[in-house]
Amino acid sequence: MNRNIFYFSLLSLAIAGCSTVNNKQAGGDFDYASQPEPQQLNIPSGLSAPEQPQTYVVRDDINRQGPIGEEVDVRAPSLVLPIAASSRIEGDSNQAKIWFDKVLEDKDLQVFIYQAIEEQLASDGVGIEVIDAENKIYESQWYNREKQSGFWLFEEVESTESLRFRYQFETKPHGRSVAVIVSLVDYMKTDQSGGSKEMNQLDKQRAEMAMLNEIVAQVDFKYRKQQRDNRLLRASQKLVTIGTNKLNEPTYIVEMELDLLWANMPIFFEDHGFKVADLNETKKIYYVDYEKPSISLWDKIWGEQQPIIELDDQRYQFVLSPNGESEEQTTVTIFDAQGNVLPNDKLEFIFPVMEQALSFRDTF
């Protein structure tokens, strides 16, 4: 029984020792902090003093205002993580600051970022207040943290810590770049030794960076969510229909700008058995040779085959034109090797494959 008690005592001491490790402090001794500066060499008269390079000279008066020895905080400073699309940092800035460039053309960038901050604070159970709407300055309500000791029925609050942050926007004149600056404006800590409104400078910097990184992560989440919503919307939309062009010829009408569709057509050709033989960029005409793709056994096994467009093997012309006055629509009229436009019934027959392909749903 005594042996068990002895082992239990050793285990308790080991756990207690592990719990008292100070991650802010360097390991080893700190004798260097109390070492006096060595005296300079006393050179006898008549002899020349040796050369004394000053590159690595360390004097004992270089750090009288800051921490020394055990008081030195060895933690690395936190960094801003520009993980959101089109986000960047300024290398020479010591602020918790990040720039966002416009990604979503249909969204006001500043409003989008403000909503991200608002949503992040709401998830933390904290509100946001307008301090100066004209200068775009906002502040959070208090973040309250408690550190408890003991366990179960014997828990008690060991310390409480409260923080408030300020969020300031900087906007470029063109409105396509917006910066967010986070700063800690209020701090209070209460523990057994009393209360304090001062925070260690490194802890302050780490708190500001952590808050800014939460905002960046929220912006990134909102971007990803918007991309998902766009894909779902695109999947449910009819982006390709059958209609007529300006000459009243049967054609496909694609919900895409002419230049963008022209640039994307090679992707369509490559994926569906067409080879571009020539093109006329001025008239927006592709001359392509079609050979119906063969499906191998392995394609069938792995399910990697592309849907087949049921056309005869020959040369075709794909003529792209703007659809009337709409800049968002483009007509795609297809001509066979004899220069005859594909009739409406043929367009309808291959429509299930063409609709999927010209929508570029699997590409964007």
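If you count, for each residue, the other Cβ atoms within 10 Å and average over each peptide, how do 215-222, 43-50 line up from highest to lowest?
Numbers: 215-222: 19.5, 43-50: 6.6.
Packing order, densest peptide first, comes out as 215-222, 43-50.
Summing +1 for each Lys or Arg and -1 for each Asp or Glu among the other residues whose beta-carbon sits under 12 angstrom from that of LEU311 gives -3. Accessible area of LYS147 (1.4 Å probe, protein heavy atoms only, ligands and nucleic acids ignored): about 120 Å². Short-range pairs are left out: with C-alpha atoms under 8 Å and at least six residues apart, the relative contact order of region 129-246 is 16 percent.
Surface calculation, 1.4 Å probe, protein heavy atoms: TYR32 sits at approximately 140 Å² accessible. Under the simplified labelling scheme, the LEU104-ARG228 pair shows an inter-label distance of 1.4 nm, with each label point 7 Å from Cα along Cα→Cβ. Within the accessible area of region 83-166, the carbon and sulfur atoms contribute 45%, probe 1.4 Å, all protein chains present. Between ASN23 and LEU260, full extension at 0.36 nm per residue minus the direct alpha carbon distance yields a gain of 79.8 nm.
Using C-alpha pairs below 8 Å separated by at least 6 residues, the relative contact order for region 174-298 is 10 percent.
Counting only residues at least eight positions apart within a chain, or on another chain, the aspartates and glutamates with an alpha carbon under 18 Å from that of LYS189 are GLU146, GLU156, GLU158, GLU161, GLU198, ASP203, GLU208.
Compute the signed sum of charges (Lys and Arg +1, Asp and Glu -1) over the other residues within less than 13 Å, Cβ to Cβ, of LYS24.
Details: positive: ARG75, ARG206; negative: GLU70, GLU71, ASP73, ASP203.
Cβ neighbours under 13 Å give a net charge of -2.
For region 156-200, give the magnitude of the charge dipole about the Cα centre (Cβ charges: +1 Lys/Arg, -1 Asp/Glu; no others), in debye to the nearest 20.
500
Legend: residue pairs LYS97/LYS225; LYS222/LYS284; LYS107/LYS238; LYS24/LYS136; LYS225/LYS346, Cα-Cα distance threshold 27 Å; pairs beyond threshold, LYS222/LYS284; LYS24/LYS136; LYS225/LYS346. If R0 equals 56 Å, the separation of the Cβ atoms of GLU281 and GLU90 corresponds to a calculated FRET efficiency of about 0.85.
The values are calculated or read from the model by the stated rules, or taken from the named source; none is laboratory data. Quick caveat, the model's predicted, so the values are computed rather than measured. Quick reminder, even Gly has a Cβ in these numbers, built from the backbone with ideal geometry, and neighbours come from all protein chains shown. Heavy atoms of the whole protein, side chains included, go into the accessibility calculation; ligands, DNA and RNA do not. Shrake-Rupley method; radii C 1.70, N 1.55, O 1.52, S 1.80 Å.
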